[in-house]
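Notes to accompany the following structure.
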Amino acid sequence: MGSSAAPVSFGSPILDVKLDGSNYREWAFSLKMMLKYGGFASHLTAPPPEATSANEKEVQAWHLADDRVMAIICMSTDLSIRSCLEDHKTAKEMWDYLQSRYQQSSSALRYSLRQNLQHLQQRDMSIEEYYAAFNKISSQIDSMVPKPPSLCTPCTPAWSAREKYDQQDTMFDFMMGLRPDFEPIRVQLLGRPTLPTLSETLSALLAEETRLKSLAAHSMVSQQHSVLAVPPLPVEAEAAAATFSKKASQKTPCSHCGRTNHPDSRCFKKYPHLLAEMRDKRALSRRGSHAAPSSTPEPSLQFPASAAVPLLLQQSAP
């Protein structure tokens, strides 16, 4: 830092994410952004200045700022990790230690990330939620891709073409996990003469999601209106339907024999003469079907012939 460096005045900022060992990428990015805002991100990579008699105040100011950066790093980690930082004397030492411990770039991690990305599906997530889950995995994979040296000017065109190709692959991976609801917009995007970027794809999918939600809400309102438009049953019809349903569901058994196919007053076991009358009437009706009708009207039957047969069979059964 030069002599014109501003004093440390960013107070005690608190990150909204704590390092727990599984979220190093998110934590490291958040920490760097906060330190960049205060102008102290260089403490993560720069060694302390050499002390001389001419820059004593500058060195003192640098160490004061570095102490605060160290405090921020410590307070933004879990207790189990914080205890491992005790022996480090500068923010850079803490940063290097955490980076070497949690920033993995092994083939096993790369394989695991690719596998997770392949199996990621939108399912019941919104587009925003699905994109956040997708970006968390794909950004880690992207960070493992080797970058060309900044001084290699001839390499730039080839690397640019390769980077564009990789970005298209990322867009394809993102669209593969979408629900079938988005198949029309997916076909439309892939059918363009020029393939969209991932950002353009996300914007189109958000608009399509809004449209689908609007259609679903309109359909629900229409169904509610159609239900309300059905005229209610008259009071008499509703009462008759309730009475019929009640009678159909309640079959009172006979108090004498316990059966439910006849009332007490028509129980053949309790009143045997009714069974005799039923048999006589059946015989009479059979003879009448072959003889001429008599001028004297027959007394009216109390049971129709169609109903008497099953009734007789049920009650005469042992």
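Brief remarks follow.
- Taken over the stretch 62-86, the criterion of being more than 45 Å from the chain's Cα centre (by Cα) and open to solvent by 50 Å² or more (accessible area, probe 1.4 Å) is satisfied by H63, L64.
- Residue tally, condition over 16 Å from A41 (Cβ atoms), aliphatic (A, V, I, L, M) and either in contact with a Cys (Cβ under 8 Å, 6 or more places away or on another chain) or part of a helix (DSSP H, G or I) (or both), over the stretch 52-80: 5
- Number of residues in the stretch 170-183 that are open to solvent by 60 Å² or more (accessible area, probe 1.4 Å) and either on the phi > 0 side of the Ramachandran plot or assigned to a helix (DSSP H, G or I) (or both): the value is 5.
- Counting residues in the stretch 235-252 that are over 30 Å from F174 (Cβ atoms), touching a His at 6+ places or on another chain (Cβ under 6 Å) and either in a helix (DSSP H, G or I) or modelled with pLDDT of 80 or more (or both) gives zero.
- Filter result for K57 (under 28 Å from N135 (Cα atoms) and either among the basic types (K, R) or surrounded by fewer than 12 Cβ atoms within 10 Å (Cβ to Cβ) (or both)): no
- Taking the stretch 87-124 as the range and being open to solvent by less than 50 Å² (accessible area, probe 1.4 Å), part of a loop (DSSP other than H, G, I, E, B) and among the hydroxyl-bearing types (S, T, Y) as the test, only T90 passes.
- Residue match in the stretch 184-197 (condition: more than 27 Å from N23 (Cα to Cα), in a helix (DSSP H, G or I), of a type outside the set (A, V, I, L, M, F, W, C) and open to solvent by less than 50 Å² (accessible area, probe 1.4 Å)): yes
The values are calculated or read from the model by the stated rules, or taken from the named source; none is laboratory data. Since we're looking at a predicted model, the values are computed, not measured. Because the Cβ atoms are built from the backbone with ideal geometry, glycine has one as well, and the counts that use them run over all protein chains shown. The protein model used for the area step is the full one, side chains on, heavy atoms only, and it has no ligands, DNA or RNA in it. Shrake-Rupley method; radii C 1.70, N 1.55, O 1.52, S 1.80 Å.
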